[in-house]
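Peer 1: Can you read through this structure? Questions will come right after.
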């Protein structure tokens with residue numbers, strides 16, 4: 001038997017057998033494939049196969065401002081409505097109720113499919129109420145705004161050979177080192193921290209797309225281990241705000257689980273887009289001040305969080321539809337950020353783009369107040385440093401993205417060379 005709490009004690013969590021857990025993952029995966037085979041673009045995004053997410057995003061927009069997917073969620077890829085949903089206080093990251101309410105393994109998925117919170121990750125603090133993220137963002141804003149990024153980025157670049165992997169040799173070492181510095185981790189625990197964090201990259205996808213069974217079990221074990229590792233006195237050192245131990249643990253775990261992965265993905269997406277558009281790479285090389293524009297355009301063009309999940313906490317009317325309480329809504333951020341009604345020539349990558357509309361990546365819930373400052377600062381410094389110190393950077397081989405990764409499209413392998 002296995003308790004699906006990812007290290008979070010009590011709160012109504014239920015215990016299930018390993019076979020029931022595996023059956024749940026397979027059943028949800030089967031539903032996603034069946035609905036995708038019927039042509040539902042959101043279900044096809046969830047399958048996270050070889051389909052082009054930009055093409056599927058356009059199909060989501062073609063279904064109208066808000067459409068009911070066969071996968072059970074109301075979905076939008078329209079920029080204006082997406083922004084409203086992300087800002088709506090009636091929409092939450094979690095269902096009403098305790099931790100057991102976030103687990104759908106005990107519900108009849110054939111009668112009422114809920115393809116959300118597939119791997120319950122309350123122990124990773126990924127499904128907190130909106131107010132909790134706002135509080136954490138306010139408490140830790142001084143800490144997050146004082147990142148020691150530049151020295152770490154240049155130190156890692158100095159050790160790179162002519163040929164290297166942008167993920168394994170640059171983006172992830174930088175993100176892990178920045179997180180460890182931010183948390184004030186002792187040198188003796190940093191290798192262990194890096195090892196644990198490496199296994200947490202699937203967490204942001206696991207709520208909407210079932211990982212393979214072994215991956216899911218390893219994720220739950222990793223969340224429990226990172227909670228244990230970070231649940232010690234002294235975190236954040238002298239910069240620790242006046243926060244209680246529960247808030248300190250939540251902030252630390254979120255930095256490890258979400259902050260690192262988003263920073264890595266955003267950095268890799270930015271470099272990939274720049275190298276795929278040589279004129280934009282050349283422009284950045286010629287004017288380092290364009291690094292901020294490069295990251296802002298990457299957030300629009302290829303956001304590190306492609307899908308935002310919400311649950312209606314009460315009956316609501318949205319875009320003329322009556323949405324009952326406890327109904328899932330999904331913002332297809334990648335699609336909304338390429339809505340031609342908001343962004344002229346939306347499929348063009350332009351680091352000097354000026355627009356009256358705001359891109360929507362990292363603008364809701366957890367990401368807006370807590371993760372975005374950390375990820376954006378790292379990515380900006382990273383691309384600026386790469387352009388100035390490795391101007392001949394080029395992609396050597398095809399980038400490899402993680403399978404079953406519809407939310408982050410996590411990058412596993414990105415071979416590059418500086419010659």
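The values are calculated or read from the model by the stated rules, or taken from the named source; none is laboratory data. Predicted model only: the values in this text are computed from it and were never measured. Counting neighbours? That spans all protein chains shown, and the Cβs are built from the backbone with ideal geometry, glycine included.
Peer 1: Taking segment 335-367, which residues are under 23 Å from residue 138 (Cβ atoms) and either at pLDDT 95 or above or surrounded by fewer than 18 Cβ atoms within 10 Å (Cβ to Cβ) (or both)?
Peer 2: 358, 360, 361, 362
Peer 1: Residue 234 fails exactly one of the following numbered conditions: (1) farther than 24 Å from residue 267 by Cα; (2) outside any loop (DSSP other than H, G, I, E, B). What is the number of that condition?
Peer 2: Exception for residue 234: condition (2).
Peer 1: Give the residue, chosen from 265, 215, that is within 18 Å of the chain's Cα centre (by Cα) and over 30 Å from residue 19 (Cβ atoms).
Peer 2: 265
Peer 1: When the residues of segment 82-108 are filtered to those that are buried (at least 19 other Cβ atoms within 10 Å of the Cβ) and at pLDDT 95 or above, which remaining residue is farthest from residue 54 (Cα to Cα)?
Peer 2: The qualifying residue farthest from residue 54 (Cα to Cα) is 91.
Peer 1: Something else about it: In contact with a strand residue (DSSP E or B) (Cβ under 9 Å, 6 or more places away or on another chain), crowded, with 17+ Cβ neighbours inside 10 Å, in contact (Cβ under 8 Å) with a residue 60 or more places away in the chain and within 17 Å of residue 194 (Cβ to Cβ): is that true of residue 257 in this structure?
Peer 2: no
Peer 1: Identify, please: which residue in segment 284-300 is assigned to a helix (DSSP H, G or I) and out of contact with any helix residue (DSSP H, G or I) (no Cβ under 6 Å at 6 or more places or on another chain) and is, among those, farthest from residue 393 (Cα to Cα)?
Peer 2: Residue satisfying both the conditions and the ranking: 300.
Peer 1: Moving to a separate point now. Exactly one of these conditions fails for residue 376: (1) in a helix (DSSP H, G or I); (2) surrounded by fewer than 24 Cβ atoms within 10 Å (Cβ to Cβ); (3) touching a strand residue (DSSP E or B) at 6+ places or on another chain (Cβ under 8 Å). Give me its number.
Peer 2: Every listed condition holds for residue 376 apart from (3).
Residue-wise test of (1) out of contact with any strand residue (DSSP E or B) (no Cβ under 6 Å at 6 or more places or on another chain); (2) at pLDDT below 95; (3) assigned to a helix (DSSP H, G or I); (4) within 22 Å of residue 368 (Cβ to Cβ).
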position: 110; (1), (2), (3), (4): yes, yes, no, no
position: 134; (1), (2), (3), (4): yes, yes, yes, yes
position: 137; (1), (2), (3), (4): yes, yes, yes, yes
position: 141; (1), (2), (3), (4): yes, yes, yes, yes
position: 154; (1), (2), (3), (4): yes, no, yes, no
position: 168; (1), (2), (3), (4): yes, no, yes, no
position: 175; (1), (2), (3), (4): yes, no, yes, yes
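Table: residues versus (1) closer than 17 Å to residue 140 by Cβ; (2) not in a helix (DSSP H, G or I).
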site	(1), (2)
210	no, yes
215	no, no
218	no, no
222	no, no
227	no, no
238	yes, no
241	yes, yes
250	yes, no
254	yes, no
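Peer 1: Give 314, 327 a once-over and let me know the one that is surrounded by fewer than 19 Cβ atoms within 10 Å (Cβ to Cβ) and in contact (Cβ under 8 Å) with a residue 12 or more places away in the chain.
Peer 2: Only one candidate passes the filter, namely 314.
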